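S.K.: For reference, the structure I am asking about is given below.
The values are calculated or read from the model by the stated rules, or taken from the named source; none is laboratory data. A quick note: this is a predicted structure, and the numbers were derived from the prediction, not measured. A quick note on method: Cβ atoms are made from the backbone with ideal geometry, for glycine too, and the neighbour counts reach across all protein chains shown. Just so you know, the surface numbers come from the protein's heavy atoms only, side chains and all, with ligands and any DNA or RNA stripped out. Shrake-Rupley method; radii C 1.70, N 1.55, O 1.52, S 1.80 Å.
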Amino acid sequence: MRQILNTLYVMTPNAYVHLENETLRVEVDGEKKLQVPLHHLGSVVCFGDVLVSPALMHRCAEDGRSVVLLNRNGRFMARVEGPVSGNILLRQAQFRAAENPAFTLDTARSIVAGKLRNARQVLLRGAREVDDDADRVALDRAADSLAASIRALPAAGNLDTVRGIEGEAARTYFDNLPRLLRKDARAAFAMNGRSRRPPRDRFNALLSFVYSMVMNDCRSALESVGLDPQLGFLHAV
């Protein structure tokens, strides 16, 4: 078991997670392993063969805490949540905005620009910290390439162009991401580009796992305020 910020990750096989007064209790083979006050938790993520009591699921749903169920490999299976916001007026506004090509394009540009700025900062920080001169030069060059992609976004006239800029920048980013690893770990975490469904190496498996965690948090955040997470702007209908 591991608690990160306000999310509890239960990874021990055959663990039993249940409610005890105002706390969440985790047992393995009848032995208590962890007990956490409920008010410290925002969500619970369970991997593989973890048993969650109905009482705990009901309480989490009532309090607005999500219970996420993943398989042993970290693939998303289900999420238990209480009722979503009934703000239909907000969702109607969201749907109308999605039908506005200018708003959709501007939103997509902003999404990609934020993503590429963050990716560029990761590469620049890596370039400052690596010891190898060749790695430093390659990371600086990749950061410059991402900067050029960011500058190209305002001129993108349609979503296909925005997605194309994002795709090229993502390829540059993932091609250079292994340079951030220590050299003695690169053989164990070799990465030949980004792969998914299924990930073809350890590095991609870790990325997919983290992305599934982020996706669950984003989906919960959208639904909690009444927005529809199925409606996209960058990858629009």
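S.K.: Looking only at region 104-158, which residues are closer than 18 Å to residue 177 by Cβ, small (Gly, Ala, Ser) and touching a Lys or Arg at 6+ places or on another chain (Cβ under 8 Å)?
M.R.: 126, 127, 138, 143, 147
S.K.: When you scan region 27-58, how many residues do you find that are of a type in the set (S, T, N, Q) and either more than 13 Å from residue 80 (Cα to Cα) or not in a strand (DSSP E or B) (or both)?
M.R.: 2
S.K.: When you go through 207, 181 one by one, which is the residue that is closer than 19 Å to residue 116 by Cβ and surrounded by 15 or more Cβ atoms within 10 Å (Cβ to Cβ)?
M.R.: 207
S.K.: Next question, about the same structure. Of these, 226, 193, which one is over 28 Å from residue 125 (Cα atoms), among the small types (Gly, Ala, Ser) and open to solvent by less than 40 Å² (accessible area, probe 1.4 Å)?
M.R.: 226
S.K.: Regarding residue 152, is this residue open to solvent by less than 50 Å² (accessible area, probe 1.4 Å) and over 26 Å from residue 217 (Cα atoms)?
M.R.: For residue 152, the condition - open to solvent by less than 50 Å² (accessible area, probe 1.4 Å) and over 26 Å from residue 217 (Cα atoms) - is met.
S.K.: Something else: Look through region 76-112, keep the residues that are part of a helix (DSSP H, G or I) and basic (Lys, Arg), and return whichever of them is farthest from residue 213 (Cα to Cα). I'd like the intermediate steps shown before the answer.
M.R.: So the first thing to find is which residues in region 76-112 are part of a helix (DSSP H, G or I), and the list is 88-98, 101-112.
Add one more test, that the residue is basic (Lys, Arg), and what stays is 91, 96, 109.
Values: 91: 24, 96: 29, 109: 24 Å.
Among residues in region 76-112 that are part of a helix (DSSP H, G or I) and basic (Lys, Arg), the one farthest from residue 213 (Cα to Cα) is 96.
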